[in-house]
Amino acid sequence: MLYREAGQFKATYVEDQQIFPIRQDRIAFAILLAVAFLVVPLVGNQYWLSAILTPFLVASLATIGLNILTGYAGQLSLGTAAFMAVGAFMAYNFELRMPWMPILGSFALAGLCAAAVGMVFGLPSLRIKGFYLAVATLACQFFVLWALQRIGWFTNYSTSGVITAQKIVILGYAVVTPASKYLLTLSVVAVMALLAKNLMRSQTGRAFMAVRDMDVAAEVIGIRMMRTKLLAFAISSFYCGVAGALYAFCYLGTVEPEAFNLDISFRILFMVIVGGVGSILGSFLGAGFITLLPIFLNLVSGWIRHTFGVELDHAMLSNLELIIFGGLIIFFLIVEPLGLARLWQIGKEKLRLWPFPH
Amino acid sequence: MSGRNIGEPILVVEDISLSFGGVRALQNVSFDVREHEIRAIIGPNGAGKSSMLNVVNGVYHPQVGTVTFKGETRHHVDPHHAASQGVARTFQNIALFRGMTVLDNIMTGRNLKMRTNFLQQALWVGAAKREEMAHRRKVEEVIDFLEIQHIRKTPVGRLPYGLQKRVELGRALAAEPELFLLDEPMAGMNTEEKQDMCRFILDVNDQFGTTIVLIEHDMGVVMDLSDRVVVLDYGRKIADGKPDEVRSDQAVIDAYLGVAH
């Protein structure tokens with residue numbers, strides 16, 4: 001009943017093209033942001049902040065990155081973790097070799113390095129599509145990990161091949177507590193998500209979607225194929241690179257190249273599929289769903305143990321988790337290929353009419 | 001048709017030959033299109049009509065021959081260059097961006113007129129926002145012209161066929177083309193939809209002075225709309241002239257009805 005847009009008239013095109021055209025959505029989103037920035041750091045305990053919310057935000061950012069490439073521009077990629085690894089290791093090197101560099105500067109430069117790698121491995125996309133392109137990006141995944149393990153410079157010749165992320169200091173303030181790391185991650189992710197949303201509703205985003213939907217027609221109306229595809233790879237990899245840097249500095253702390261293996265690439269791809277292909281909101285929903293699912297299953301098993309006194313052993317639990325996970329992916333592919341974002345949209349459309357049937 | 005001043009040739013194709021392996025799609029085809037005129041290309045299936053349009057805007061590259069548009073002669077036309085010179089087209093099988101709304105589809109038609117870079121667009125301030133709104137206004141004019149206001153926020157994949165054809169026309173119109181290539185704009189439409197489409201084509205030609213090259217199978221439409229007609233058969237030009245002349249041409253009648261060998 002409360003969710004109505006009756007009486008909200010759009011008098012200008014600016015109003016018509018806002019991100020949240022409905023007033024109730026704007027209010028709800030402002031409340032969500034306020035809770036995320038003000039309430040959560042105060043009430044969240046260490047476990048929730050550093051083990052769940054921070055990695056969830058990092059995963060959301062990487063998912064936005066992959067969604068720009070795969071969801072919007074239609075180029076399938078399995079190299080997400082590689083671009084994240086480039087971001088993580090280059091941020092470490094920028095901090096190591098240029099200690100005067102502000103940490104956010106290092107993150108941005110690391111993102112640019114990832115963008116450069118992304119463009120190089122995006123070159124095959126000019127000739128090949130779909131599964132074949134996925135295989136080409138798979139090469140990127142293996143090559144980058146190989147380079148990070150074999151070339152000592154990247155890990156500062158550490159014998160174990162493991163790096164320890166430097167302490168984060170912003171304007172003299174040391175970011176060490178889980179709450180402050182969470183806030184840093186949240187700020188970066190919020191700003192970058194907004195930029196991505198703006199970009200996707202502008203000409204660049206439309207060019208990406210045009211290339212995805214019908215490349216011949218896109219070319220005929222004057223969209224440059226090479227520029228658009230490489231730009232998609234660059235922007236996507238930039239997002240993944242910054243996500244990787246945040247992953248290393250705000251979550252893991254000590255990082256080995258294997259932390260960015262193919263599993264992570266697939267996980268991010270699942271987040272895109274479950275959340276919603278071609279949706280920024282969906283990137284958050286997908287990342288949230290897949291990060292929270294294991295915790296939810298854990299709670300359920302605890303509840304089963306508590307009420308029925310049945311002991312579920314750990315091996316079985318983790319297998320069960322994989323089974324449910326796989327089942328859900330298949331479920332989504334069949335029932336709602338556009339993911340949670342689409343379900344959310346359908347829910348809102350229903351809500352606008354509720355409680356009336358029409 | 002009296003308001004238009006048909007001018008000098010704006011497009012001249014000379015001696016075009018195009019083959020795919022052993023298949024000769026076009027052989028030594030030459031014709032011209034004058035400014036502000038409606039020029040039809042007709043012919044039986046497989047005559048090379050669509051190939052001809054693809055040569056004009058650079059999707060196919062002919063082995064022999066040149067395309068002269070606005071005084072600039074080229075052997076190898078690049079699609080992006082053709083678009084930036086003011087050539088727009090629609091496709092025989094609808095080539096819309098199915099996942100995007102009608103509004104976004106038509107907005108893509110204006111991509112060559114947008115000047116801001118992606119960083120400005122990401123910030124959505126100043127120039128980028130102003131540009132987006134200015135182009136939105138132009139696109140709304142196209143939407144009004146084509147009478148599709150009610151579906152502007154609908155994804156095109158959900159629209160019926162006739163409306164999709166109209167949106168595709170809109171996307172090409174949004175580019176404000178000087179030369180408009182229409183590949184069977186009325187295929188698969190009912191009489192009413194055909195009438196609407198004819199009206200739009202005539203209005204575009206009349207109000208904006210756009211030169212139109214049209215491929216169409218409906219002879220009634222071709223005879224009514226076009227100023228001059230080119231007839232292709234098996235990749236060769238067999239007739240060229242005013243609709244009445246072409247209609248009574250023996251070679252054309254033979255091509256359509258077949259001849260006894």
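Values in this text are rule-based calculations from the coordinates and carry no lab data. These figures come from a predicted structure and were not determined experimentally. Cβ coordinates were reconstructed from backbone atoms using ideal geometry, including for glycine residues, and neighbour counts include every protein chain displayed.
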query: Given q = 0.18 Å⁻¹, what are the Debye log10 I(q)/I(0) values for the range B:189-261, with equal point scatterers placed on the Cα positions and solvent ignored?
result: -0.79
- prompt: For the range B:98-176, what is the convex hull volume of the alpha-carbon atoms per residue, in Å³?
  reply: 87
- prompt: Using the eigenvalues of the Cα gyration tensor, what equivalent ellipsoid semi-axes result for the range A:1-100 when each is taken as the square root of five times the eigenvalue, whole Å, largest first?
  reply: 35, 23, 14
query: Which whole-angstrom value gives the distance between the alpha carbon centres of the range B:92-137 and the range A:132-165?
result: 39
Relative contact order %, chain B, counting alpha carbon pairs below 8 Å whose residues are six or more apart: 27
statement: Flagged as over-length at 28 Å C-alpha distance, from B:Lys113/B:Lys165; A:Lys350/B:Lys194; A:Lys350/B:Lys129; A:Lys348/B:Lys138; B:Lys49/B:Lys165; A:Lys10/A:Lys350, the pairs are A:Lys350/B:Lys194; A:Lys350/B:Lys129; A:Lys348/B:Lys138
Value of Rg to Rh for chain A (Rh from inverse mean 1/r over Cα pairs, i.e. Kirkwood): 0.98
task: Using only alpha carbon pairs under 8 Å that are at least six residues apart, calculate the relative contact order of the range B:98-176 and give it in whole percent.
output: 57
- prompt: What fraction, in whole percent, of alpha-carbon pairs in the range A:45-113 exceed 13 Å separation?
  reply: 70
message: Please compute, over every Cα-Cα pair in the protein assembly as shown, the percentage with a separation greater than 31 angstrom.
response: 59
- prompt: Going by how many other beta carbons lie within 10 Å of each one, how would you line up A:Val176, B:Val231, fewest first?
  reply: A:Val176, B:Val231
field: In the range A:146-199, chymotrypsin sites (Phe, Trp or Tyr not before Pro) in a DSSP loop with at most 16 other beta-carbon atoms within 10 Å
entry: A:Tyr157
statement: The distance between the Cα centres of the range B:169-193 and the range A:242-293, in whole Å, is 44
query: When a footprinting reagent is the concern and you count Cβ atoms within 10 Å, what order do A:Thr307, A:Thr63, A:Thr177, A:Thr70 take, fewest first?
result: A:Thr307, A:Thr177, A:Thr70, A:Thr63
- prompt: What spacing in nm lies between the two simple spin-label points modelled at A:Phe142 and A:Met98, each 7 Å away from Cα in the Cβ direction?
  reply: 3.4
- prompt: Listing A:Phe29, A:Phe356 from the residue with the fewest other Cβ atoms within 10 Å to the one with the most, what is the order?
  reply: A:Phe356, A:Phe29
